[in-house]
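Peer 1: I have a structure here, written as structure tokens, and I will follow up with some questions on it.
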Amino acid sequence: MLWQAFTALLSHWRRHRLQLAMLLLGLALATALWSAVQAINAQARLSYARAAAVIGQDRLSALVRVDGAPIAQDTYIRLRQAGWLVSPVIEGELRFGSGRLRLIGIEPLTLPPQAAQVDVSADDIGLAAFITPPGLLVVAPETAARLAGEATPPLRLSEALPPGVALSDIGIAQRLLAQPGRISRLILAPVQLSGLPPLATIAPELVMRAPATESDLSRLTDSFHLNLTAFGFLAFAVGLFIVHAAIGLAFEQRRPVLRTLRALGLPLRALVALSITELLVLSLLAGVLGVALGYGVAAVLLPDVAASLRGLYGAEVDGQLSLQPSVWALGLALAVAGTLASAASRLWRIATLPLLAPAQPRAWSRMSAQALVLQAAAGTGLLAISALAVIIGHGLVAGFVSLGAMLLGAALLLPLVLSLVLALAGRMGRGVVTQWFWADTRQQLPGLSLALMALLLALAANAGVGAMVGSFRLTFVGWLDQRLASELYVTARSDEESDLMRSWLAARSDAVLPIWSAEEKILGEPVQVYGLRDHVTYRENWPLLAAAPDVWDRLEAGTGILVNEQMARRKHLRLGDELTLSGGRSQTIVGIYSDYGNPKAQAMIGIDLLLALHPDVNRQRFAVRIAPDRAAGLAAQLRDAFALPADNVIDQASVKAFSLRIFERTFAVTAALNVLTLGVAALAIFASLLTLADMRLAQLAPVWAMGLTLRRLALLEVLRSMALASFTMLAAVPVGLALAWLLLAVVNVEAFGWQLPMHVFPLDWLRLGSLSLISAALAAALPALQLVRRQPSALVMVFANER
Amino acid sequence: MLLELKDVSKTYPTGEGPLRVLSGVSLSLARGACVALTGESGSGKSTLLHLAGGLDRPDAGQILFEGRDIVQLGESDLAAFRRTRIGMVFQQFNLIPSLDVAANLAFQARLAGRHDPDWCSALAERLGLSGLLGRYPEQLSGGQQQRVAIGRALAARPKLILADEPTGNLDEATGDAVLDLMLALQAETGAALLMVTHSLRLAARLGSRVHLSAGRLA
């Protein structure tokens, strides 16, 4: 009995293959976009975990200085002499050309076996070669490929290391990082000798740091991945509209079958169970297809994501996507959960369907005025929650709650707004066909409202994210012009060479401005502190958001400090606040500057103060001011005079182009997800129109019988779809603006630590509007074509008595 | 002669092969005539009505309306013919659900460019719809809906009313009342009426009757 009933249910899909295809495609696309984001995030997290696990940082404790400063060599020796089993490590950023490398120096002889990620005594590396000059750099194969042609010590390959990391002997690393005798931390062997003298007596300046359970990178990039997840979820939600529409339609079409099955003796419980089984089969099919598609999308997007993460955070992510069971499981679970959630109301209707319910399908999803108002009230409530989340809430989660509630609230309000607009249009219409057109369009609204809500979400996301990216681009380009005011940027190969170059340049340029920095620990957070030489370049160009009147004089006098916006926001700093630098030196905040594209805390002090605090600061980088038309000539002379590689002298345009490239790639993924979401929404309209086409026949046939040609009716059908898309686009503009504001003023501030001025781009809306009109016309084209091609015999069936 | 069907045949393709619904049917209808078309289920009554109304085309034969062969008309001319010459009344009423009663009543007349508000008001009055003009079809009973359909068919002052089982969905008393109204209005307007019905009792109330059996006139 059950099998017979199940085949009767499934036979619907055999007769309505297009509807089945739309249901599977909608769910598969929704799952695909979500899975793509999950696969990318999982890949990134895997890379972060590998990076965090380098030399056992995730398993072994370490000794570090309380103030975050490097540990002196003497301290290490004292500890070893006292019997402490510790091993020194230096870690720093090594620049080569335009790239960066995380260099970790170890002492292989004292390194605990648990931290020995790479066996440096193996034949292919060799202990002697590793520890004696010029030393070796052990890197992952893909890092070696990036280093090809760079002036580095000999390379050895190891699959055990994550990309972007190089391992060397500590002595070699100290030399490469220009930090002789310095140690970042001391790794503690897990088993220590008994009866050791306490740490406080040998090295009171050190404290024990527990193994890191979460890497800095993971924390730093959380917001980036949360952004991606939010967009993935939006795409999934848009896809679910298709699923909901397709399932709802199937329910209405199968109403007579359901009633008959009940009448023939199928228990209600069995009918519900069969309906759920059917949904599970369909959702699993679509889920497998969706996750597979998602991997394809992720493979295409991953290079851009990896480039964004490298450019923004210095985080290295493997370019190769690995298949992870968790992504498959989550994708399938989401497909099943999404389908069941979309079908919940229909399942409830089946469970409560009276045996003698009307067998004819009702007008699909006919919505009473009361239901419309109730839905709109729910939408208004969500908008209120969105506003409250902004006013009362804090943090990124509150930002996303506000964003989600605003989008969903606007979507729920859409049918009522459209209904009112169409009623008004009908009242203003003069001709009988015009009046019928608007009245009929209004009647189609319940059947199309889900697809239109999906379109609203997609259009609003496009308009909003477009405004956000556009505002960011305008601000970023302006900011780059201010920030990159110097004509040339030079990286010497050593401090000595840098000294020589600056002397050489003194007579040949207008100014030489050092770009020297050291890491400080301020308010418990590592901060890169730069030293600024007082110069008109900074006085005229530096992008200050807030400043004391005598900001530059106080900086030059060594009594003031500038902090970047993200540090000021994170630590709630204001002008006049005091910050303590190493050695207990207190500085007053005299300015806050914008620092887009950098998620980390940064500060600036006078160059003399920097040199006083950090006499061994790396002095290799500096900028050169010269008349722009002489910049290229000077760069060439400098390269010749010092036999410098081309990458070590970069002109302003190249740096700007590089920065903009990172910027564009950062938003390439967002743009791709946006376009895909719009595509899914267009598909939702197409699916709805196509599946409604059969039901429409009963409404169109009388009008045809009374004298309107099929061609005209088909044209009106296309116009109807375009009119609804236009009104939805108009509604999407304010929603998009609200979304852009939330992204710029709330989410960005929480996620990245900077706020941007908002700009609007009406031309983009026009382009988006045209795109949605074309999508709507294309979506309506096939049903309209089918209508034109209808044989009169099919149309008169509507009037036949023996239907 | 208002309507002449000459040797009209019609075949529909089906899963079991072509199905011949009408075979060489010839029929004439004078202006103002009132004819019942009877026959068993599947005898081709509705098909004949649809062909006469320009809703479908025959495979063979001529359909002359006021001497003009409508089979030869193009799609837009045929649509204009339906708009201006024919008033259709269906068993399922087939009102436009998105329009209220007043708009439904006037719909075809306005399409045909012959909207006469006074005539529409008079029709509404005669059909007992004056108090229902602001309602929508779903808010009406079957009898009320069929009265709106009759009003819609007559509002454009067509020359021929084609009614397909107009009382088939109504109980006997309501059906009789609706038919009384339709016949009275048909007589007033001078339109011809061709009505398909199963009921010999109702057929007897019309001026003449033709019987269709297995696609042929009996």
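Peer 1: Please list, in order along the stretch B:85-99, the HN-Hα scalar couplings obtained from phi with the Karplus expression 6.51 cos²θ - 1.76 cosθ + 1.60 (θ = phi - 60°), rounded to whole Hz, x for Gly and Pro.
Peer 2: With coefficients 6.51, -1.76 and 1.60, one gets 10, 10, x, 10, 10, 9, 5, 8, 6, 6, 6, 8, x, 7, 10 Hz.
Peer 1: Which residues of the stretch A:690-717 end up with at least 50 Å² less accessible area in the presence of all protein chains than when their chain stands alone, using a 1.4 Å probe?
Peer 2: A:Trp704, A:Ala705, A:Met706, A:Gly707, A:Thr709
Peer 1: Can you list the lysines whose alpha carbon is less than 25 Å from that of A:Lys521, not counting same-chain residues fewer than 8 positions off?
Peer 2: Excluding near neighbours in sequence, the set is A:Lys571, A:Lys600.
Peer 1: To continue, here is another question. If I take every Cα pair under 8 Å that is 6 or more residues apart in chain A, average their sequence separation and divide by the length, what percent do I get for the relative contact order?
Peer 2: For chain A, the relative contact order is 17 percent.
Peer 1: Considering protein heavy atoms only and a 1.4 Å probe radius, which residues within the stretch B:31-61 exhibit an accessible-area decrease of no less than 30 Å² in the full assembly relative to the chain by itself?
Peer 2: Checking the loss per residue gives B:His50, B:Leu55, B:Asp56.
Peer 1: Roughly how big is the B-A contact, given as buried accessible area in Å² (both sides, 1.4 Å probe, nearest 100)?
Peer 2: 2600
Peer 1: Quick check for me: using +1 on Lys/Arg Cβ and -1 on Asp/Glu Cβ, what's the dipole size of chain B about its Cα centre, in debye to the nearest 20?
Peer 2: Dipole size: approximately 380 debye.
Peer 1: In addition: With every protein chain present, what is the per residue accessible area of the stretch B:113-218 (1.4 Å probe, Å²)?
Peer 2: 43
Peer 1: Further question on the same structure: In the stretch A:59-211, what percent of the accessible surface is made up of carbon and sulfur (1.4 Å probe, ligands and nucleic acids excluded)?
Peer 2: Exposed carbon and sulfur together represent 57 percent of the surface.
Peer 1: Straight-line reach from B:Lys6: which aspartates and glutamates have Cα under 20 Å away, leaving out those fewer than 8 places along the same chain?
Peer 2: B:Asp56, B:Asp59, B:Glu66, B:Asp69
Peer 1: Aspartates and glutamates near A:Lys656 by alpha-carbon distance under 13 Å, same-chain residues fewer than 8 away left out - which ones?
Peer 2: By straight Cα distance, A:Lys656 reaches A:Asp481, A:Glu487, A:Glu664.
Peer 1: In whole percent, how big is the carbon plus sulfur part of the accessible area of chain B, probe 1.4 Å, protein atoms only?
Peer 2: 48
Peer 1: Could I ask something else about it? Kindly provide the pair-distance distribution of the stretch A:488-625 built from C-alpha pairs, with 10 Å bins from 0 and whole-percent values in order of increasing distance.
Peer 2: Each 10 Å bin holds this share of Cα pairs: 12, 43, 34, 11, 0.
Peer 1: Can you list which of the trypsin sites (Lys or Arg not before Pro) found in the stretch B:127-198 are DSSP loop residues with at most 11 other C-beta atoms within 10 Å?
Peer 2: Taking the stretch B:127-198 and a limit of 11 other Cβ atoms within 10 Å, no loop trypsin sites (Lys or Arg not before Pro) are found.
Peer 1: Follow-up question, since we're still on this one. Would you calculate, for chain A, the mean residue ellipticity at 222 nm contributed by helices, counting each DSSP H stretch of 4 or more residues as -39,500 (n - 2.57) and dividing by all residues, to the nearest 500?
Peer 2: -20500 deg cm²/dmol
Peer 1: Check each residue of the stretch A:779-795 and keep those whose accessible area, probe 1.4 Å, is at least 30 Å² smaller with all protein chains in place than in the chain alone; give them in order of residue number.
Peer 2: In the stretch A:779-795, residues shielded by partner chains: A:Pro792, A:Ser793.
Peer 1: May I ask for the Rg/Rh ratio of the stretch A:725-803, computed from Cα atoms with Rh as the Kirkwood radius, given to two decimals?
Peer 2: Checking Rg against Rh, the ratio lands at 1.36.
Peer 1: Treating only the Cβ atoms of Lys and Arg (+1) and Asp and Glu (-1) as charged, compute the dipole magnitude of the stretch A:143-199 about its Cα centre; round to the nearest 20 debye.
Peer 2: Dipole about the Cα centre, nearest 20: 140 debye.
Peer 1: Working from Cα positions, state the angle (0 to 90°, nearest 10) between the long axis of helix B:101-111 and the longest principal axis of chain B.
Peer 2: With both axes taken from Cα atoms, the answer is about 50 degrees.
Peer 1: What number comes out for accessible area per residue over chain A if the probe is 1.4 Å? Units Å², please.
Peer 2: It amounts to 42 Å² per residue over chain A.
Peer 1: While we're on this one: Working from Cα positions, state the angle (0 to 90°, nearest 10) between the long axis of helix B:117-126 and the longest principal axis of chain B.
Peer 2: On a 0 to 90 degree scale, this one is about 90.
Peer 1: Got a sec to turn the phi values of the stretch A:27-35 into Karplus ³J(HN,Hα) couplings, 6.51 cos²θ - 1.76 cosθ + 1.60 with θ = phi - 60°, whole Hz, x for Gly and Pro?
Peer 2: So the Karplus estimates, Gly and Pro as x, are 5, 5, 5, 4, 5, 4, 5, 5, 5 Hz.
Peer 1: Rounded to the nearest 10 degrees, what's the angle between the helix A:495-506 long axis and the longest principal axis of chain A, both from Cα atoms, 0 to 90?
Peer 2: 90
Peer 1: Next up: Determine Rg/Rh for the stretch A:59-211; Rg is computed over alpha-carbon atoms and Rh is the Kirkwood hydrodynamic estimate from the same atoms.
Peer 2: With Rg and the Kirkwood Rh in hand, the quotient comes to 0.98.
Peer 1: Hey, could you get me the Stokes-Einstein D for the protein assembly as shown, Kirkwood radius over alpha-carbon pairs, 10 °C and 1.306 mPa s, rounded to whole µm² s⁻¹?
Peer 2: For these conditions, the coefficient is 46 µm²/s.
The values are calculated or read from the model by the stated rules, or taken from the named source; none is laboratory data. In this text the structure is predicted, and so the values were computed from the model without any measurement. Cβ atoms come from the backbone with ideal geometry, glycine included; neighbour counts cover every protein chain shown. With ligands, DNA and RNA removed, areas are computed over all heavy atoms of the protein, side chains included. Shrake-Rupley method; radii C 1.70, N 1.55, O 1.52, S 1.80 Å.
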